[in-house]
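Beneath this line is the structure, given in structure tokens, with notes to follow.
The values are calculated or read from the model by the stated rules, or taken from the named source; none is laboratory data. Because the structure is a prediction, the values reported are computed rather than measured. Counting neighbours? That spans all protein chains shown, and the Cβs are built from the backbone with ideal geometry, glycine included.
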Amino acid sequence: MNQSALFDFLQDLARHNEREWFQAHKPTYDALRREFEGLVGQILRELAAAEPALATLEARKCIFRIYRDVRFSKRKEPYKTHFSAYFAVGGKHSAGPGYYFQLGPNGQTMLAGGIYQPDKEQLTRIRQEIDYNGPALHAILENPDFRQFYPGLEGEQLKRPPAGYPANHPDLDLLRHKSFVVAHHLPDATVRQLHLAEYVPAAFRAQRPFADFLREAVEG
């Protein structure tokens with residue numbers, strides 16, 4: 001993947017985020033999209049080697065569209081200024097844990113994973129698992145291989161303990177989370193130098209114990 005060419009195109013798109021410009025530069029977009037699909041395919045093969053359940057996924061179906069849904073957004077720009085893909089059992093719209101890859105200029109590149117905004121039942125199950133087995137999740141989040149990429153859980157938290165849990169619960173810091181996601185953000189200069197087909201799978205492998213913990217919680 002030619003990251004510099006992709007970044008240049010996306011920076012131009014950010015300056016000219018309109019249909020006429022995009023259509024005039026569609027051949028460039030199509031070529032970059034094919035390159036990105038090739039990269040996603042390489043990442044997927046690496047992931048599937050360790051997680052056979054992902055082997056049924058197709059690279060092109062892991063990739064999100066560049067077109068933004070502006071129907072319910074105050075922002076009306078028609079195009080995203082990054083490329084992105086999601087790897088999860090059940091496909092990119094799965095509600096279970098998965099691995100998210102976003103590639104774009106101006107600090108948009110990140111590798112993330114977990115379950116974002118779990119539904120009520122999932123959230124209940126995850127909190128129950130933390131209640132039963134909080135030390136295991138702490139050990140995952142504090143493992144040096146994990147911390148090489150991910151500083152800890154991100155996202156919004158409750159200000160008070162969730163219903164049914166005391167204020168002195170030993171794992172209250174984990175229980176208060178509304179989402180269970182981690183992220184590794186990368187500056188543009190670093191991304192331009194990386195061999196992404198190796199770096200991204202390595203970052204996702206470090207995240208796998210976290211995904212397994214969440215999967216065990218929500219699937220029982």
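In segment 55-79, how many are over 21 Å from the mean Cα position of the chain (by Cα), of a type in the set (A, V, I, L, M, F, W, C) and surrounded by 10 or more Cβ atoms within 10 Å (Cβ to Cβ)? Reasoning before the result, please.
So in segment 55-79, the residues over 21 Å from the mean Cα position of the chain (by Cα) come out as 70-78.
If we keep only those that are of a type in the set (A, V, I, L, M, F, W, C) as well, we get 70, 72.
Remaining after also requiring surrounded by 10 or more Cβ atoms within 10 Å (Cβ to Cβ): 70.
Selection size over segment 55-79: 1.
If we keep just the residues of segment 1-16 that are surrounded by 14 or more Cβ atoms within 10 Å (Cβ to Cβ) and aliphatic (A, V, I, L, M), which is modelled with the lowest pLDDT?
Ranking the qualifying residues of segment 1-16, first place goes to M1.
Considering each residue of segment 181-214, count those that are touching a helix residue (DSSP H, G or I) at 6+ places or on another chain (Cβ under 8 Å) and part of a strand (DSSP E or B), and give that number.
Looking only at that region, the number is 2.
Just to be sure I understand, how many residues within segment 52-79 are in contact (Cβ under 8 Å) with a residue 24 or more places away in the chain, within 15 Å of L32 (Cβ to Cβ) and either part of a loop (DSSP other than H, G, I, E, B) or β-branched (V, I, T) (or both)?
Number of matching residues: 3.
For segment 191-213, name all the residues that are within 14 Å of E51 (Cβ to Cβ) and either under 14 Å from the mean Cα position of the chain (by Cα) or surrounded by 18 or more Cβ atoms within 10 Å (Cβ to Cβ) (or both).
So in segment 191-213, the residues within 14 Å of E51 (Cβ to Cβ) come out as 201, 204-212.
Correct list: P201, F204, R205, A206, Q207, R208, F210, A211.
Please go through segment 17-30 and pick out each residue that is surrounded by 13 or more Cβ atoms within 10 Å (Cβ to Cβ) and free of Cβ contacts under 8 Å to residues at least 24 places away in the same chain.
Hits for segment 17-30 are W21, H25, T28.
Identify, by number, the condition in (1) in contact (Cβ under 8 Å) with a residue 60 or more places away in the chain; (2) crowded, with 16+ Cβ neighbours inside 10 Å that Q128 doesn't meet.
(2)
Could you please let me know if L103 is under 25 Å from F213 (Cα atoms), surrounded by 22 or more Cβ atoms within 10 Å (Cβ to Cβ) and within 13 Å of the chain's Cα centre (by Cα)?
Here the answer is no, as L103 does not meet what is asked.
Could you pull out the residue among K92, K74, K80 that is of a type in the set (D, E, K, R) and out of contact with any helix residue (DSSP H, G or I) (no Cβ under 9 Å at 6 or more places or on another chain)?
K74
Considering only residues of segment 80-90 that are within 13 Å of the chain's Cα centre (by Cα) and free of Cβ contacts under 8 Å to residues at least 60 places away in the same chain, which is nearest to D188 (Cα to Cα)?
Across segment 80-90, the extreme among qualifying residues is S84.
What do you reckon, is E154 out of contact with any Gly (no Cβ under 7 Å at 6 or more places or on another chain), farther than 30 Å from L6 by Cβ, surrounded by fewer than 20 Cβ atoms within 10 Å (Cβ to Cβ) and not basic (K, R)?
Values: out of contact with any Gly (no Cβ under 7 Å at 6 or more places or on another chain): yes; farther than 30 Å from L6 by Cβ: no; surrounded by fewer than 20 Cβ atoms within 10 Å (Cβ to Cβ): yes; not basic (K, R): yes.
Judged against the criteria, E154 is not a match.
Return the pair list, or none, for Cβ contacts closer than 9 Å from residues in segment 152-172 that are within 17 Å of Q128 (Cα to Cα) and in contact (Cβ under 8 Å) with a residue 40 or more places away in the chain to residues that are part of a loop (DSSP other than H, G, I, E, B) and among the aromatic types (F, W, Y), at least 6 apart or on different chains.
Short answer, once both residue conditions are applied: D171/Y165.
Among the numbered criteria (1) surrounded by fewer than 19 Cβ atoms within 10 Å (Cβ to Cβ); (2) under 24 Å from N17 (Cα atoms); (3) more than 16 Å from the chain's Cα centre (by Cα), which one does E121 miss?
(2)
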